[in-house]
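See structure below.
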There are 2 protein chains.
Amino acid sequence: MNGANSLIRTLVGHGVDICFMNPGTSEMHFVAALDDVTEMHSVLALFEGVATGAADGYARIAGRPAATLLHLGPGLGNGLANLHNARRACSPMMNVVGDHAISHRRYDAPLQSDIETVARNVSAFVRTAETTQGLGNDAVAALAAAFGPPGSVATLIVPADVSWTDGGVVVPPSGMRLAGTGGTRPDEAALEAAAAALRSGERTAILIGGRACAGELLDAVAAMAATTGAILLAETFPARLERGAGRPPVERLAYLAEFATMQLEGVRHLVLVDAKSPASFFAYPGKPSDLVPPGCTVHTVSAPDSDVTAAVAGLSALVGATAGTGHRQQATAPSLPAGALTAQTMSQSLGALLPENAIVSDEGNTSGLFVPGATAGSPPHDWLCLTGGAIGQGLPVAVGAAVAAPDRRVVALQADGSALYTVQAWWTMAREGLNVTTILLNNQSYAVLNMELDRVGVEVPGPRARDMLDLTRPCIDFVRVAEGLGLQATRATTAEEFSDQLARALATPGPSVVEAVLPSRL
Amino acid sequence: MNGANSLIRTLVGHGVDICFMNPGTSEMHFVAALDDVTEMHSVLALFEGVATGAADGYARIAGRPAATLLHLGPGLGNGLANLHNARRACSPMMNVVGDHAISHRRYDAPLQSDIETVARNVSAFVRTAETTQGLGNDAVAALAAAFGPPGSVATLIVPADVSWTDGGVVVPPSGMRLAGTGGTRPDEAALEAAAAALRSGERTAILIGGRACAGELLDAVAAMAATTGAILLAETFPARLERGAGRPPVERLAYLAEFATMQLEGVRHLVLVDAKSPASFFAYPGKPSDLVPPGCTVHTVSAPDSDVTAAVAGLSALVGATAGTGHRQQATAPSLPAGALTAQTMSQSLGALLPENAIVSDEGNTSGLFVPGATAGSPPHDWLCLTGGAIGQGLPVAVGAAVAAPDRRVVALQADGSALYTVQAWWTMAREGLNVTTILLNNQSYAVLNMELDRVGVEVPGPRARDMLDLTRPCIDFVRVAEGLGLQATRATTAEEFSDQLARALATPGPSVVEAVLPSRL
């Protein structure tokens, strides 16, 4: 058995049976081995950023790692932006990066570069496999790092001759715990202090992130908030937030520091559960980055490497909160809008039509501003955010989520400028017949940057600056781009058209695109 | 004057007056300053790989650096693959990468990452500017490294507060020498040994690369070859090779080691002029990577950091070669083909129609196999190759070449699979009205990998492996993709259609795409 074969068998044995890939020559033995190990499912991407983003989306929904297969340093580089997002999402995943044969290194061939250095930017684990015999163990070490906590990006670099040489050893499964579980035991003093804050009667907020945004942990923090009267907030861009009718209503901390400051105004105690102390997304001249209000004490109950289950259970016991007693979101649905198609009416349509158990991959940016409000009372669904701020995440994460949950409807809420970074994802959706409905929000500009240009203190931007944020010369026809990549696509210019097209797209199995033509300003 | 303003003024003063950009919030002061310093021309890309590839293409044609403007670690990551190619091309260029404000670092905001580490993979110079006052000097240091020799990628990371703070100092031009000139003086003993080899009467080859593939240096090595009877070869993927009627005919070393071995068979002396000792592109099981024939002596006359002008002059004098005495390619043109459109007939059409002084950005891969032969006697032109092997170079390099030489016709010879990595370049061509004709070679597969799958020793690939190299589910409609991105596009399915469409595209100012539908196998 060659190395590649042993690597795939070891991965499959550990429950990693999906590989998002964009291979090249140095990965051909891995590709060839796919016919020997049919338990490994492979999904082809036309660009590495699609593969890495898909692995992230897969992990957020499946709760376990996928693998990627990437081609040397440039392939890893192309995947880096979405690996950055995956790192911020604490998504467990494993990159297999092919490299030149060890015997070939000394020639400094054209594709050679320092892969380990590139990988370090995003990876909690980086290793180059040096022997075929050791490759299975290398893979297990990578997976252990990926499982965390925190869930992490692990990168294993595999020279071509390590893959092709015989002598591979399959490492049997070793009872690895679930991704993100276990971790540092809670600090009892910190729990006591947080409990005292929650019982103090002073204005207190619980800020949740990461693992606390879903399932039993979300129920438990909601019960604590209800029991103690604390405000319940989520970090700005959680990896996965469960929300909708019947679930705890959780407001996310605003992206704009001005609004986040209002949300936190007067808070004397801030209890962090798998979240970081709030800071603004960017710095702005003359404005503080730190969003913790003056005089507020911060209590960290659980960090990403903590045993969050134990921490939440401990704190719940201290404040006397009982699971299931938190507030629940009532079912509400906006009525279908009429007239002009705007960010508001688009949001109303989506709120009215979002199907039960949907997954929303949200890279709507400025055009998506009103969507959280309009969908708050929609049937229960999952919300996947732009965790690391590196745009080009939305479509790839939708791919991975749809692969993880083939029976659920995925809605990719996708801004135009950001879509263009990884638009190749549409082809993979078509190829795999994924149930992804893309809502392409076309406002013909990098609108967020027009806003940021003001916010960073440029009061009257000149025409040359504005021109760098403009997407109208020429306007992009996303229907044609989508059709070119093999998808059904329609364009909506009124609210009625949008509702009709969205309803049809959501009801039709497989992928399609609805391009919503929006005004260039909110 | 703020830092951003001083940075742009310093760049312009040093002759860097083009910036290919994809900015974000942390670069907004640089963008705003474009209205103050109108000498800086800015070209917007929808994806960073387009910006970095365009800077590479610009440098190859203009012979001087462009700047890029990129958004933090993820933006640099997206540009990394084409920076890898630029590094291999020894293209001088300078990345300006925005970062969070220094005061913001401690919050580890979502977009924060270790930018310097990512940059090291491709950059000869990496520095983070720490003060506004020092930013101009930082830029000059980066440019000095970019100019080389060897021409290099320099990366300057600029925190947002260094950009927005007042106190910037414009550094006046300091008589920097031309990119790639100067360098290590030739080793007289090495020149003597190479001259002795050339005069020995034994089978000798001169292998040229880098700066020796154009202009007076190319003339001089051709004269040496003619004077001594040596074989004249170029490296497989030169950054820029001048060729065509009236110029020295130079055969490139084949990509396939099997053919390269034949080209070098029996060679007893190999004289390297700005080229590396030949090795195969990839390693293959049981085959040598080193392509130097047994018993052959290698003489390095000039390396990328050498003073190549002095080395070539010295060697010419030693062998008594006179400039202008080398062989010259006769003007020949294939006749326009009829019938089926294949890799061969497509090449014949291009050979017949290639306009004088054209620039060919060649990422034709397997479908482009016959093009060099068919265009050898076409009117003089420049050929830009995939220097680092990282696909997705072709269209961005065409953008940069067209910006550098607006009066010349650029032909992007572009394979389908590779096109999809940076297809966003088409939008920039449309926006800037660039004279780029893309020939999109659509054979519906990663054909090179089908070939490589055989070559790495997989004798009977299974259906699951073959499926990972297949681009037919769904077939990509490149005409629609191009139209969606704002270009005129047509599709040719016969040789006659292709010739007609290509002739029209070449005669029409501005960009367009001709999709050549080719058989899936050569």
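The values are calculated or read from the model by the stated rules, or taken from the named source; none is laboratory data. Since the structure is predicted, the reported quantities are computational estimates derived from the model, not experimental observations. We place every Cβ from the backbone using ideal geometry, glycine too, and count neighbours over all the protein chains shown.
If you filter the stretch B:153-209 down to residues that are within 14 Å of chain A (Cβ to nearest Cβ), surrounded by 15 or more Cβ atoms within 10 Å (Cβ to Cβ) and of a type outside the set (Val, Ile, Thr), you find that the one that is nearest to B:Arg127 (Cα to Cα) is B:Pro159.
Taking the condition within 28 Å of B:Asn78 (Cβ to Cβ), touching a strand residue (DSSP E or B) at 6+ places or on another chain (Cβ under 7 Å), of a type in the set (Gly, Ala, Ser) and buried (at least 21 other Cβ atoms within 10 Å of the Cβ), does A:Ala89 pass?
For A:Ala89, the condition - within 28 Å of B:Asn78 (Cβ to Cβ), touching a strand residue (DSSP E or B) at 6+ places or on another chain (Cβ under 7 Å), of a type in the set (Gly, Ala, Ser) and buried (at least 21 other Cβ atoms within 10 Å of the Cβ) - is not met.
Can you tell me which residues in the stretch A:316-338 are crowded, with 16+ Cβ neighbours inside 10 Å and not small (Gly, Ala, Ser)? Within the stretch A:316-338, A:Leu318, A:Val319, A:Gln329, A:Pro334, A:Leu336, A:Pro337 qualify.
Considering the stretch B:377-390, and only residues there that are within 8 Å of another protein chain (Cβ to nearest Cβ) and in contact with a Leu (Cβ under 9 Å, 6 or more places away or on another chain), the residue that is nearest to A:Phe47 (Cα to Cα) turns out to be B:Ala390. All of (1) closer than 30 Å to B:Ser335 by Cβ; (2) touching a Leu at 6+ places or on another chain (Cβ under 9 Å); (3) more than 7 Å from every other protein chain (Cβ to nearest Cβ) hold for B:Phe478 with one exception: (3). Take the conditions closer than 20 Å to B:Arg473 by Cα and of a type in the set (Ser, Thr, Tyr) and apply them to A:Ser42. Does it pass? In short, yes.
When you scan the stretch B:136-154, do you find a residue that is touching a Leu at 6+ places or on another chain (Cβ under 9 Å), of a type in the set (Ser, Thr, Tyr) and more than 20 Å from B:Ala32 (Cβ to Cβ), even just one? Within the stretch B:136-154, not a single residue is touching a Leu at 6+ places or on another chain (Cβ under 9 Å), of a type in the set (Ser, Thr, Tyr) and more than 20 Å from B:Ala32 (Cβ to Cβ).
Specify the residue that is farthest from A:Gly510 (Cα to Cα); the eligible residues are those in the stretch A:451-471 that are in contact (Cβ under 8 Å) with a residue 40 or more places away in the chain and not charged (D, E, K, R).
A:Gly457
Would you call A:Ala447 within 27 Å of the chain's Cα centre (by Cα), touching a residue at least 40 places away in the same chain (Cβ under 8 Å), more than 14 Å from every other protein chain (Cβ to nearest Cβ) and surrounded by 17 or more Cβ atoms within 10 Å (Cβ to Cβ)? It is false that A:Ala447 is within 27 Å of the chain's Cα centre (by Cα), touching a residue at least 40 places away in the same chain (Cβ under 8 Å), more than 14 Å from every other protein chain (Cβ to nearest Cβ) and surrounded by 17 or more Cβ atoms within 10 Å (Cβ to Cβ). The helices (runs of 4 or more DSSP H) located wholly in the stretch A:1-70 that include 1 or more residues which are among the basic types (Lys, Arg) and surrounded by fewer than 24 Cβ atoms within 10 Å (Cβ to Cβ) occupy A:3-13. Using the structure shown, decide if B:Gly286 is in a loop (DSSP other than H, G, I, E, B), at pLDDT 95 or above and surrounded by fewer than 22 Cβ atoms within 10 Å (Cβ to Cβ). No: the conditions fail for B:Gly286.
Quick check on this structure: which one of B:His84, B:His104 is over 24 Å from B:Phe147 (Cα atoms), within 11 Å of chain A (Cβ to nearest Cβ), assigned to a helix (DSSP H, G or I) and not aliphatic (A, V, I, L, M)?
B:His104
Kindly evaluate A:Val513 against the criterion of being assigned to a helix (DSSP H, G or I) and in contact with a strand residue (DSSP E or B) (Cβ under 8 Å, 6 or more places away or on another chain).
When the stated conditions are applied, A:Val513 does not pass them.
If you go through the stretch A:397-425 and keep only what is part of a helix (DSSP H, G or I) and within 14 Å of chain B (Cβ to nearest Cβ), you end up with A:Asp416, A:Gly417, A:Ser418, A:Ala419, A:Ala425.
May I ask you to verify whether A:Val360 is closer than 14 Å to A:Ile439 by Cβ, buried (at least 24 other Cβ atoms within 10 Å of the Cβ) and modelled with pLDDT of 95 or more? Considered against the rule, which asks whether it is closer than 14 Å to A:Ile439 by Cβ, buried (at least 24 other Cβ atoms within 10 Å of the Cβ) and modelled with pLDDT of 95 or more, A:Val360 comes out as yes. The residues on offer are A:Ala146, A:Ala124, and the sole one that is closer than 30 Å to A:Ala275 by Cα and buried (at least 23 other Cβ atoms within 10 Å of the Cβ) is A:Ala146. Selection over the stretch A:107-124 of residues that are part of a helix (DSSP H, G or I), more than 7 Å from every other protein chain (Cβ to nearest Cβ) and either within 26 Å of B:Cys385 (Cα to Cα) or at pLDDT below 95 (or both) gives a count of 1.
Does B:Pro461 satisfy the condition of being more than 18 Å from B:Ser361 (Cβ to Cβ), within 11 Å of chain A (Cβ to nearest Cβ) and crowded, with 19+ Cβ neighbours inside 10 Å? It is true that B:Pro461 is more than 18 Å from B:Ser361 (Cβ to Cβ), within 11 Å of chain A (Cβ to nearest Cβ) and crowded, with 19+ Cβ neighbours inside 10 Å.
Considering every residue within the stretch B:513-522, establish whether at least one is within 14 Å of chain A (Cβ to nearest Cβ) and in contact with a Leu (Cβ under 6 Å, 6 or more places away or on another chain). Among the residues of the stretch B:513-522, at least one is within 14 Å of chain A (Cβ to nearest Cβ) and in contact with a Leu (Cβ under 6 Å, 6 or more places away or on another chain), which makes the answer yes.
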